[in-house]
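What follows draws every value from the coordinates through simple rules; no lab data is involved. Everything quoted here is computed from the prediction, not taken from an experiment. Don't worry about glycine lacking a Cβ; one is built from the backbone with ideal geometry, like all the others, and counts go over all protein chains shown.
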Amino acid sequence: MRNLIFTKSMNTSFQWMKDRSRILFLIPFLWSFFLILSACGGGGGGGGAGSPVPTSITADFLPTSTNVSSNLIAITKKTVQGDTITLDVSGVSLSTLSAGAAFDLTFDPNLVSYIGYLPGNFYESNSTVTYQSGLQVGTNNRLVVGITQQAGPGTTGSGVLIQIKFKAIKIGSSNLTFANNNLLSPSGPPLVPGLTWVTGALMGS
């Protein structure tokens, strides 16, 4: 009887050791399978609504007219670097002397933002020039620009009045609109008549 109990005990111990060996043998495979499942689960979660995919925006400018004529103030695209665009505000074949320019530009602040400006070359051809360019106080959609020759004789012809930089912050199209726009006579308050002002739309895509 004692031998039978001992034999059963030995068999049980042997079976337990055999089962333990199987478990230990399977652990590395089970761990690898767990890691694979975790990786797949993480990848699937990354595509969910809670993890937005970054979107790059490219700025552009579309003029309302490409017709080049005389006595024209036109905005054209100078350079684009990703979401940042530099625009030329140029005088084209201006026949009447002017010693400065003043204008506002309105835009959609939900789509574009004003960054800054660079000097032009038109009025600087024969005089020192003062530039003012910034958002009107209390607004985020109206840029106010002033360009003045310092006791200059005035200028005619063609050239860049000022360069203006914008940033496209969303995909869409924003009209860029002139307001309060004039060229200033060298003799004082009289304004330069007979000008056409051409602008366009700023875009993000």
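Which shape class applies to the range 59-204: rounded if a/c is under 1.5, otherwise prolate when a/b exceeds b/c and oblate if not, where a ≥ b ≥ c are the square roots of the Cα gyration tensor eigenvalues? Prolate. Full extension of the chain between T58 and L118 gives 19.5 nm of extra length, using 0.36 nm per residue less the Cα-Cα distance. Take the Cα of T84, go 7 Å toward its beta carbon, and the backbone nitrogen atoms of the range 98-118 under 19 Å from that spot belong to 111-118. Annotation: aspartates and glutamates with alpha-carbon distance below 13 angstrom to K167 (same-chain offsets under eight excluded): D60, D83, D108. Amide hydrogen proximity for V112: with H placed 1.01 Å from N in the peptide plane, the residues at 5 or more positions away or on another chain lying under 5 Å are I169. The string of couplings for the range 129-141 from the Karplus curve (6.51, -1.76, 1.60, θ = phi - 60°) is 10, 10, 10, 9, 8, x, 5, 4, 4, x, 10, 10, 9 Hz, one whole number per residue in order, with x for Gly and Pro. Close amide H pairs (under 5 Å, H built 1.01 Å from N) link K78 with T86, L87, D88, residues at least 5 positions away or on another chain.
Taken one residue at a time, the phi angles of the range 62-78 give Karplus couplings (6.51, -1.76, 1.60, θ = phi - 60°) of 10, x, 6, 8, 10, 6, 9, 9, 7, 6, 10, 10, 10, 9, 9, 6, 9 Hz. Gly and Pro are set to x. Computed from backbone phi, the HN-Hα couplings of the range 92-102 come to 10, 6, 6, 8, 10, 4, 9, 10, x, 9, 9 Hz, rounded to whole numbers (Karplus: 6.51 cos²θ - 1.76 cosθ + 1.60, θ = phi - 60°; Gly and Pro given as x).
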